[in-house]
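Everything on this sheet refers to the single structure shown next.
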Amino acid sequence: MNVAVIHQHQLILDSFIKLIEIEGWRVIAGFIQFQDAIEQLKAPEIDIVILSLQGSGDTATEQIAQLKKVLPGRPILVISPFCSQAYVNSAIQAGASGYLSKNISADILIEAISELLNGELYINLSGSRVSEQSLGCRPLILECLTGREFEIFLSFAKGLNPKQVAIELNIMPKTAHVHRANIMKKLQVRSQFALLKIAMDCGLISSHDIAV
């Protein structure tokens, strides 16, 4: 069984590789830069990809979509610092087969890899496995938003200003302003507080997610 690992920090990447190889699996590629992985990975050589997200560069959905294009049919296990329902939903809908929070234990990582190789969906947030059914789908009121707008909606709903959203999603502040205006128009609201209310009413964020 051949594994590819993408992680932005060399020390953690090396730790993942050692852990996986202890289980008897083969890590045939480890990448720090996502673009290097896209250019070098080939489907016949890979059985599963582990993708670590750090909230910078391309968005999660864009990265997953790119991996699915170069590695069709291969499961993608996402490890992310973002644990809200919305982020998990976006990743799964984009094509990920598994989603783990960044504070997972070694045992959970190995369990997740095994489950994905058996064709199962695996989601574990903060040590607790979550069923696909419990995540639900994107609320109907938000179906009018594109995938990118949905991500930006969540950022503004958390109380971030355009400059903070721009940094978080690697876009220009002016672009963040434009997206906010378009999102408010589609949702027929006039304030950022209204975005927060929609997100909380839909169960997409909690009070702990709100920026202070």
**Asked** Give or take rounding to whole Å, what are the principal axis extents of the alpha carbon atoms in the stretch 2-135, in descending order?
**Response** 35, 30, 27
**Request:** Considering the options Thr175, Ile110, Ser90, tell which one lies farthest towards the positive end of the dipole of the chain, charges being +1 on Lys and Arg and -1 on Asp and Glu at the Cβ, about the Cα centre.
**Result:** Thr175
**Within the stretch 25-46: backbone nitrogen closer than 16 Å to the Ser114 label point (7 Å, Cα to C-beta)** = 25-26
**Asked** Tilt of helix 10-22 relative to the longest C-alpha principal axis of the chain, in degrees (0 to 90, nearest 10)?
**Response** 50 degrees
**Message:** Test of understanding: in a Gaussian network model of the chain with alpha carbons linked when under 10 Å, which of Asn89, Asn118, Asn170 would top the mean-square fluctuation ranking?
**Reply:** Asn118
**Message:** Compute, for the chain, the length of the dipole vector about the Cα centre, with Cβ point charges of +1 (Lys, Arg) and -1 (Asp, Glu) only. Units Debye, rounded to 20.
**Reply:** 980 debye
**Message:** Within 10 Å, at most 16 other Cβ atoms, and a DSSP state outside H, G, I, E, B define an exposed site. Report the longest part of the chain free of exposed trypsin sites (Lys or Arg not before Pro).
**Reply:** 103-189
**Fill in**
In the structure shown, of Lys102/Lys163; Lys102/Lys197; Lys18/Lys69; Lys18/Lys102; Lys69/Lys186; Lys102/Lys174, the pairs separated by more than 23 angstrom at the C-alpha atoms are Lys102/Lys163; Lys102/Lys197; Lys18/Lys69; Lys69/Lys186; Lys102/Lys174
**Request:** Would you work out the relative contact order for the chain, in percent, from Cα pairs under 8 angstrom that are 6 or more residues apart?
**Result:** 15 percent
**Item:** Ranking of Tyr99, Tyr122 by count of other Cβ atoms within 10 Å, fewest first
**Value:** Tyr122, Tyr99
**Item:** Per-q log10 I(q)/I(0), the stretch 140-209, q = 0.12, 0.19 Å⁻¹ (Debye; single scatterer per alpha-carbon; no solvent)
**Value:** -0.26, -0.67
**Request:** Just round it to a whole percent: the fraction of Cα-Cα distances in the stretch 168-212 exceeding 14 Å.
**Result:** 58 percent
**Item:** Within a Gaussian network of the chain (alpha carbon springs, distance under 10 Å), most fluctuating of Ser126, Ser155, Ser97
**Value:** Ser126
**Fill in**
In degrees, nearest 10, the alpha-carbon axis of helix 173-187 is tilted away from the dominant principal axis of the alpha carbons of the chain by 70 degrees
**Complete:** Measuring from the longest principal axis of the C-alpha atoms of the chain, the long axis of helix 106-117 (C-alpha) lies at a number of degrees, nearest 10, equal to 90 degrees
**Asked** Most mobile of Leu100, Leu51, Leu142 per a Gaussian network model of the chain (Cα springs, under 10 Å)?
**Response** Leu142
**Item:** Total charge dipole magnitude, the stretch 97-212, about the Cα centre, Cβ charges on Lys, Arg, Asp, Glu only, Debye to nearest 20
**Value:** 840 debye
**Asked** Add -39500 (n - 2.57) for each DSSP H run of 4 or more in the chain, then divide by its residues: what number comes out at 222 nm, to the nearest 500 deg cm²/dmol?
**Response** -14000 deg cm²/dmol
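Taken together, the values in this text are just the output of simple stated rules run on the coordinates, not laboratory data. Since this is a predicted model, take the numbers as computed values, not measurements. Here Cβ is always computed from backbone atoms with ideal geometry, including for glycine, and neighbour counts include all displayed protein chains.
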